[in-house]
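Enquirer: Sending over a structure as structure tokens; questions will come in a sec.
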Amino acid sequence: MSNSVSLQPIAEDVYTSPQLSPEAMASAAEAGFKAVLNNRPDFEGGSDQPTSEAIGAAAQAAGLQYAYLPVQGGYQSPEEIAQCAALLKTLPRPLLMFCRSGARSTRLYQQAISLED
């Protein structure tokens, strides 16, 4: 991926990133990712933020599986955590999760995998 995208490994085959653009989907596929999970609600950052629909279309065009699980930054409900756990079991790896900064996706991932314990 481009040097402008900050990827953070959080598991052997799961990475997080700050907000991604539709244009970044081709780079994600070229980098070897198989799926993208968007955790940022549409328009959270204002009208300039790309929508899930635009990112999803670009992901599919690049050959990636795409899932949208928008969650708030300060709190993820038990239902959202369970939805993430289910997605983690079905989405192909390597997986790229993103939100505004990457922190919310990291927290969501950690809570979701703790359900397996």
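Each reported figure results from applying straightforward, stated rules to the coordinates on display, with no laboratory input. Bear in mind the structure is a predicted one, so any value in this text is a computation, not a measurement. Every residue, glycine among them, receives a Cβ derived from its backbone with ideal geometry; neighbour counts consider all protein chains shown.
Enquirer: If you go through segment 14-27 one residue at a time, do you hit one that is under 17 Å from Leu115 (Cβ atoms), of a type outside the set (S, T, N, Q), crowded, with 18+ Cβ neighbours inside 10 Å and in contact (Cβ under 8 Å) with a residue 24 or more places away in the chain?
Expert: Yes: segment 14-27 contains one or more residues that are under 17 Å from Leu115 (Cβ atoms), of a type outside the set (S, T, N, Q), crowded, with 18+ Cβ neighbours inside 10 Å and in contact (Cβ under 8 Å) with a residue 24 or more places away in the chain.
Enquirer: Is it fair to say Phe43 is exposed (fewer than 15 other Cβ atoms within 10 Å of the Cβ), of a type in the set (Phe, Trp, Tyr) and in a loop (DSSP other than H, G, I, E, B)?
Expert: When the stated conditions are applied, Phe43 passes them.
Enquirer: Mind listing whichever residues of segment 51-104 are under 13 Å from Val14 (Cβ atoms), crowded, with 18+ Cβ neighbours inside 10 Å and not aliphatic (A, V, I, L, M)?
Expert: Cys84, Phe98, Gly102
Enquirer: Just to verify a result, which residue in segment 69-100, among those that are hydrophobic (A, V, I, L, M, F, W, C) and touching an Asp or Glu at 6+ places or on another chain (Cβ under 8 Å), is nearest to Gly45 (Cα to Cα)?
Expert: Initial filter on segment 69-100 (hydrophobic (A, V, I, L, M, F, W, C)): 69, 71, 81-82, 84-88, 91, 95-99.
Cutting the leftovers down to touching an Asp or Glu at 6+ places or on another chain (Cβ under 8 Å) gives us 69, 71, 85, 95.
On the way: Leu69: 16, Val71: 13, Ala85: 26, Leu95: 23 Å.
This residue is Val71.
Enquirer: Further question: Looking at Pro9 and the list (1) touching a residue at least 40 places away in the same chain (Cβ under 8 Å); (2) in contact with a strand residue (DSSP E or B) (Cβ under 8 Å, 6 or more places away or on another chain); (3) under 20 Å from Leu88 (Cβ atoms); (4) exposed (fewer than 13 other Cβ atoms within 10 Å of the Cβ), which single condition is not satisfied?
Expert: (1)
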